[in-house]
Amino acid sequence: MAVLTLNNVSKTYLLENRQVSALTNINLTVDSGQFVTFVGRSGCGKTTLLRIIAGLEQKTCGQITFQPTEAKIGLVFQEPRLMPWLTVENNMAFALQQEPDREYVKATVDHYLKLLRLEDFRHAYPSEISGGMAQRTALGRALCYNPDIILMDEPLGALDAFTRATLQKELTQIFQEAHKTILFVTHDVDEAVLLGERIVVMGGGQICNELAVPLTYPRIAASKEFYNIRSQVLAAIMEEP
Ligand SMILES: Nc1ncnc2c1ncn2[C@@H]1O[C@H](COP(=O)(O)OP(=O)(O)OP(=O)(O)O)[C@@H](O)[C@H]1O
């Protein structure tokens, strides 16, 4: 079942009386429970696409349909954007501040603290945890909200290589366990192949290729199959318009 459909979505920015075309005729259907990675060169329109889907930016033309119509959307950015005056658990619970059933809130936060291996840091403040933990907390906040779709814009981009590799592995575990629909933007081809069931290659504001990744998790970057898909993605990026 499709949770998200984009028909001919375009975006033009006005920059100092000059029109900048960021997206041109994007057509995309995302099924429930899919992990889709978006990859492409800097400036190809990945962030703009996510921001339009999130409703943070207006499209210039085209149609976006959600199923359910009032789909809940969770967002994770490159920086964790936590509230420094709240503990890890309260940052996560913040997504549920309107929820009257406090038992449900506690059970949900406990569940994701465990899933994200943050139980021992539940009472810590953002200044007392590492970058990786902070990004896990941001992911936990998005998961607690129980969104229909999670949009992630370079969420691991600011982390060191080891923390990034650990979180990539954990993300696929969380994806398998939480059964969420995830749209994940990256400029890292390996990350796109490690994580995505489907890779959307963007170039010049358009979708220039799509690949299915028929590999089980966890994926082995040194495998022949991984290498083949990686080569196809790289070729698609090099051939972009
Ligand atoms: N607020 C804005 N005003 C004017 N132009 C913008 C604005 N935001 C983005 N653009 C332009 O739209 C195009 C797409 O930008 P976008 O940030 O979506 O690309 P991206 O693929 O996410 O790049 P990166 O990987 O570097 O983050 C670029 O040409 C950019 O300069």
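The values are calculated or read from the model by the stated rules, or taken from the named source; none is laboratory data. Computed from a prediction, not measured in an experiment: that's the story for all the values here. FYI the Cβ positions are ideal-geometry reconstructions off the backbone, even for glycines, and counts take in every protein chain you see. In case anyone asks, the SASA skips ligands and DNA or RNA and just uses the protein heavy atoms, side chains included. Shrake-Rupley method; radii C 1.70, N 1.55, O 1.52, S 1.80 Å.
Just to be sure I understand the curve: with the Debye formula and one point per C-alpha of the stretch 1-42, what is log10 I(q)/I(0) at q = 0.25 Å⁻¹?
-0.94
Note down, for the chain, the three equivalent ellipsoid semi-axes (square root of 5 times each alpha carbon gyration tensor eigenvalue), biggest first, whole angstrom.
For the chain, the semi-axes come out at 30, 22, 17 Å.
Quickly estimate the mean residue ellipticity at 222 nm for the chain, helices only: each DSSP H run with n ≥ 4 gives -39500 (n - 2.57), and the total goes over all residues, rounded to 500.
Only helices count here, giving -10500 deg cm²/dmol.
Which ³J(HN,Hα) values in Hz, rounded to whole numbers, follow from the phi angles of the stretch 11-21 under the Karplus curve 6.51 cos²θ - 1.76 cosθ + 1.60, where θ = phi - 60° and Gly and Pro get x?
Computed from phi, the couplings for the stretch 11-21 are 9, 10, 9, 9, 10, 6, 6, 10, 8, 10, 7 Hz.
Please turn the phi angles of the stretch 122-130 into ³J(HN,Hα) values with the Karplus equation 6.51 cos²θ - 1.76 cosθ + 1.60 (θ = phi - 60°), one per residue in order, whole Hz, x for glycine and proline.
4, 9, 7, 9, x, 5, 9, 10, 7
How much accessible area per residue does the chain have, counting only protein heavy atoms and a probe of 1.4 Å, in square angstrom?
Here the residues of the chain average 50 Å² of exposed surface.
Which aspartates and glutamates have a Cα less than 16 Å from the Cα of K169, not counting those fewer than 8 places away in the same chain?
Those aspartates and glutamates meeting the cut-off are E154, D160, E177, D188, D190, E191, E197.
Report the local net charge at P214: Lys and Arg +1, Asp and Glu -1, summed over other residues whose C-beta lies under 9 Å from its C-beta.
Charge balance in the 9 Å sphere: -2.
Of all accessible surface on the chain at a 1.4 Å probe, what whole percent is carbon and sulfur?
Roughly 50 percent of what the probe reaches on the chain is carbon or sulfur.
Amide H of C208: which non-local residues (sequence gap of 5 or more, or other chain) have their own amide H closer than 5 Å, using H built in the peptide plane?
V201, M202, G203
Pull up the DSSP beta bridges for the chain and report the antiparallel fraction as a percent, rounded to 5.
The answer is about 50 percent antiparallel.
Can you order the peptides 80-92, 136-148, 222-234 by their average number of other Cβ atoms within 10 Å per residue, highest first?
136-148, 80-92, 222-234
Using the Cα centre of the stretch 83-147 as the reference point, and only Cβ charges (+1 on K/R, -1 on D/E), how large is the resulting charge dipole? Debye, rounded to the nearest 20.
Charge dipole, the stretch 83-147, about its Cα centre: 160 debye, nearest 20.
Would you pull out the residues with amide H under 5 Å of I182's amide H, same chain only if 5 or more places away, H placed 1.01 Å from N?
It is Q34, F35, V36, I150, by chain and number.
Would you report the distance distribution of C-alpha pairs in the stretch 83-147 as whole percents per 5 angstrom bin, up to the bin with the largest distance?
Cα pair-distance distribution for the stretch 83-147, in percent: 4, 22, 35, 24, 12, 3, 0.
When we measure straight from the Cα of K106, which aspartates and glutamates land under 18 angstrom away, once same-chain ones fewer than 8 places off are left out?
Counting by Cα, and skipping residues close in sequence, K106 has these aspartates and glutamates nearby: E89, E119, D120.
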